[in-house]
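The values are calculated or read from the model by the stated rules, or taken from the named source; none is laboratory data. Keep in mind that what you see is a predicted model, and the values were worked out from it rather than measured. Note that we place each Cβ from the backbone using ideal geometry, even for glycine, and neighbour counts take in every protein chain shown. Each accessible area value is taken on the protein alone, full model and side chains, heavy atoms only, with ligands, DNA and RNA left out. Shrake-Rupley method; radii C 1.70, N 1.55, O 1.52, S 1.80 Å.
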Amino acid sequence: MMQRPLLRPEEYSLKETSPHLGGAAAGDKLTTTYDLVEQMQYLYVRVVKAKELPNMDITGSCDPYVEVKLGNYKGQTQHFEKKNNPEWNQVFAFSKERIQSSVVEIVVKDKDLVKDDFIGRVIFDLNEVPKRVPPDSPLAPQWYRLEDRNGHKVKGELMLAVWMGTQADEAFPEAWHSDAASVPGDGLASIRSKVYLTPKLWYLRVNVIEAQDLIPNDRARFPEVYVKAMLGNQVLRTRAPSRTLNPMWNEDLMFVAAEPFEEHLILSVEDRVAPGKDEVIGRTMISLHHVPRRLDHRLLTSQWYNLEKHVIIDGEQKKETKFSSRIHLRICLEGGYHVLDESTHYSSDLRPTAKPLWKPSIGMLELGILTAQGLLPMKTKDGRGTTDAYCVAKYGQKWVRTRTIIDSFTPKWNEQYTWEVYDPCTVVTIGVFDNCHLNGGEKVNGARDTRIGRVRIRLSTLETDRVYTHSYPLIVLTPGGVKKMGEVQLAVRFTCSSLLNMMHLYTQPLLPKMHYVHPLSVMQVDNLRRQATNIVSTRLGRAEPPLRKEIVEYMLDVDSHMWSMRKSKANFFRIMSVLSPLVAVTKWFDQICRWRNPLTTILIHVLFMILVLYPELILPTVFLYLFLIGVWYYRWRLRQPPHMDTRLSHAETAHPDELDEEFDTFPTSRPPDVVRMRYDRLRSVAGRIQTVVGDLATQGERLQSLLSWRDPRATALFVVFCFVAAIVLYVTPFRVVVFLAGLYMLRHPRFRHKMPSVPLNFFRRLPARTDSML
């Protein structure tokens, strides 16, 4: 009945890896917070400040800066004008793998238009540099006397701290890195690793009840009034009721609001004077800071708001208050819902907005982003292909971004992040992107970071307290077909703090209670999700470095609802795969009935007689059978997390025109003849679906016509049959009826014929409503 999954092509499959997680040689003091990545050694130089620097020009001033040199690598601090006691507090990090010198030289120079003047330097032998690994306390900086090129002491001192550390060091995220030496100063902010938090999202429910004593501009007619509500870029309208000065709506308008609340809710009562022409009767502005917050479905007190009207007199806008006109509203911030900004099929968070409704966490998710292999060149620089890759991971309200590795097809990040887990049936998403903003690309040509690939890992498919180390293929779908962009190596561990609480969650609803007590319509959910995505992308795009809109939309998969012939085919074959066990059981039972294997049929007869004589064994037998199936397939369980399946997605067999249609804009930007061809193809597919739906409706109408007397003779026959059957079943023991019916179904082929049965002939003759269709 159940089939083992088919093997995917080798290049698209998951590969188990064995990285050296945790650290280096035995005896080293390792940090437990970085045990899912390979330890990377760095030389850190913290330049704190200087004092008593000499004056270098005739004006008696000094424009100092510090230059840190290690072999061919050179990093500089900013320079200060006319300051003899500057303070920088900047950290430089040099990868140990690329160190090509035995000393590090820290030089203090004076900025000059022609040639920078040498002030002094401090030299450290790398063999004498101390080693420091958290949780050791930070190394205290010390004052060092400057020396000239001959090693003689000169005027001025420099406060420094030099140590060997790892990527677990607190200074790592904000440090200047030697592999980013070619990045200009304005691009350094876009390459650092950062942690972002999604703004706290609320559903804002505006119940527009009624308005009273409206005063239209044209008092000779009754106004056709509706209410327009605006919150930022979100605009909703009520229906237009009958013409009256005291209209009633009692409609709910739903918005998405984000903390901190920056926009006001603006409601205007407008009169539709003519098609396309509306006049404002009154307006009110409400601050969300004063809106009550609701945690359940209890009814809140409504409130009347005065409507104000802005009139223009002599070119100046003045506010005219209409105390006689007012609007009746019930407004609240819904804390019992979870604001959906991603699809529920691969959501990373299912908690309600209000924190008092949160349940305790059940465990911890730890993710180590190790390396990438075989990345393809994403852009051209100096006549050659290059890639500046970074990773973004999203789970719950926390987004993380690794640092950008400059000009490498095999970048090594080795960064580890953790999240609290509140529900095991959630998904963590990891995306790999190419940084196109190292040289101010957005300001120059509106550059967008290019997507390299995406990985999703469902936590419920992971065993607890086990470290999964795999190399995930980065697969993207392009207009030219499916393409492998490289591989990313990850280490994942899901730690459970309470197995009992986690098992209890499997009995709880997936979404918070309000989604079931006071559910939202499908259209509302789609519109609110789109608004939530816009808010999240806008807020994260204002961070530094920004998490840009194209990144957020790709991670949240905002285009998942768009039409695709490929996805439609894939979903159809998914349904067929789900129904295949039922089809297999039907064929197997048909073979039993036809005595293809007499021994099996006889055994089924014996089993059937036992169940008829002892019906109390039926349910235990069914559940025992399911138990044995589960135990049998335990040895074929997945040993690795599921991954993107190109065969399941029908990405390998998709027609080029279908892919071009999938990547088309909305509205379309293709030529009219291409759109016409696709429209005709869609009509053909929809016609077949229409036929299937019509056939299902026909069968249902035939069942209804059994007792509707639409066909008097057929209904009379069925009614007489029901009366006779009731008498027979009353006087005949139920076991005898089931026994005889089973023997009839399992009868030998010698007693069968190929013509349809009498009940089937009778059912097919029943009338349906197809003859009433136009």
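When Thr507 is tested against (1) touching a strand residue (DSSP E or B) at 6+ places or on another chain (Cβ under 7 Å); (2) over 30 Å from Val685 (Cα atoms), only condition (1) is not met.
Only one of Arg149, Arg192, Arg205, Arg132 is of a type in the set (Lys, Arg), at pLDDT below 90 and open to solvent by less than 40 Å² (accessible area, probe 1.4 Å). Can you tell me which? Result: Arg132 is the single residue among Arg149, Arg192, Arg205, Arg132 that is of a type in the set (Lys, Arg), at pLDDT below 90 and open to solvent by less than 40 Å² (accessible area, probe 1.4 Å).
From the list Ser95, Ser137, which one is small (Gly, Ala, Ser), within 29 Å of Met40 (Cβ to Cβ), outside the structural domain of Trp413 (by the TED database) and open to solvent by less than 50 Å² (accessible area, probe 1.4 Å)? From the options Ser95, Ser137, the qualifying one is Ser95.
Contact list please: Cβ distance under 8 Å, first residue in the stretch 583-597 and closer than 24 Å to Phe573 by Cβ, second residue open to solvent by 70 Å² or more (accessible area, probe 1.4 Å), pairs at least six apart or on different chains. Taking only residues 6 or more apart or on different chains, the pairs are Ala584/Met1; Val585/Met1.
Hey, could you check the stretch 344-375 for residues that are in contact (Cβ under 8 Å) with a residue 12 or more places away in the chain and basic (Lys, Arg) and say which is farthest from Tyr516 (Cα to Cα)? Break it down into steps so the answer makes sense when it comes.
Start the filter on the stretch 344-375 by keeping residues that are in contact (Cβ under 8 Å) with a residue 12 or more places away in the chain, which leaves 344, 346-354, 356-375.
Filter again for basic (Lys, Arg), leaving 351, 359.
Values: Arg351: 14, Lys359: 18 Å.
Checked the stretch 344-375; the qualifying residue farthest from Tyr516 (Cα to Cα) is Lys359.
Just one of the listed residues (Asn150, Asn127) is assigned to a helix (DSSP H, G or I) and without any contact (Cβ under 8 Å) to a residue 60 or more places away in the chain, and it is Asn127.
Going through Thr244, Thr238 one at a time, which residue ends up being modelled with pLDDT under 95 and over 36 Å from the mean Cα position of the chain (by Cα)?
Result: Thr244 is the single residue among Thr244, Thr238 that is modelled with pLDDT under 95 and over 36 Å from the mean Cα position of the chain (by Cα).
Of all residues in the stretch 412-433, those that are within 30 Å of Gln508 (Cα to Cα) have Cβ atoms under 6 Å from Cβ atoms of residues that are among the charged types (D, E, K, R) and open to solvent by less than 10 Å² (accessible area, probe 1.4 Å), 6 or more apart or on another chain, in Thr429/Lys394.
Within the stretch 56-84, the set of residues being open to solvent by 90 Å² or more (accessible area, probe 1.4 Å), assigned to a loop (DSSP other than H, G, I, E, B) and on the phi < 0 side of the Ramachandran plot comprises Ile58, Thr59, Asn72, Gln78, Glu81.
Within the stretch 629-654, if we keep just the residues that are assigned to a loop (DSSP other than H, G, I, E, B) and either among the polar types (S, T, N, Q) or without any contact (Cβ under 8 Å) to a residue 40 or more places away in the chain (or both), the residue that is surrounded by the most Cβ atoms within 10 Å (Cβ to Cβ) turns out to be Thr646.
Entry remark, the stretch 505-545: residues being buried (at least 19 other Cβ atoms within 10 Å of the Cβ) and free of Cβ contacts under 8 Å to residues at least 24 places away in the same chain number 1 in total.
So for the stretch 348-357 (the condition being closer than 17 Å to Gln167 by Cβ and not in a strand (DSSP E or B)), does at least one residue qualify? No, there is no match, as no residue in the stretch 348-357 is closer than 17 Å to Gln167 by Cβ and not in a strand (DSSP E or B).
Of everything in the stretch 210-243 that's closer than 15 Å to Leu329 by Cα and of a type in the set (S, T, N, Q), which residue is most open to solvent (accessible area, probe 1.4 Å)? The selected residue is Gln212. All of Thr429, Thr380 fail the test of being open to solvent by less than 10 Å² (accessible area, probe 1.4 Å), of a type in the set (Ser, Thr, Tyr) and part of a strand (DSSP E or B), apart from Thr429.
For the stretch 465-482, a residue qualifies if it is in contact (Cβ under 8 Å) with a residue 60 or more places away in the chain, open to solvent by 50 Å² or more (accessible area, probe 1.4 Å) and out of contact with any Pro (no Cβ under 9 Å at 6 or more places or on another chain), and exactly one does: Val467. Looking across Lys394, Lys412, one residue alone is surrounded by fewer than 22 Cβ atoms within 10 Å (Cβ to Cβ) and at negative phi. It is Lys412.
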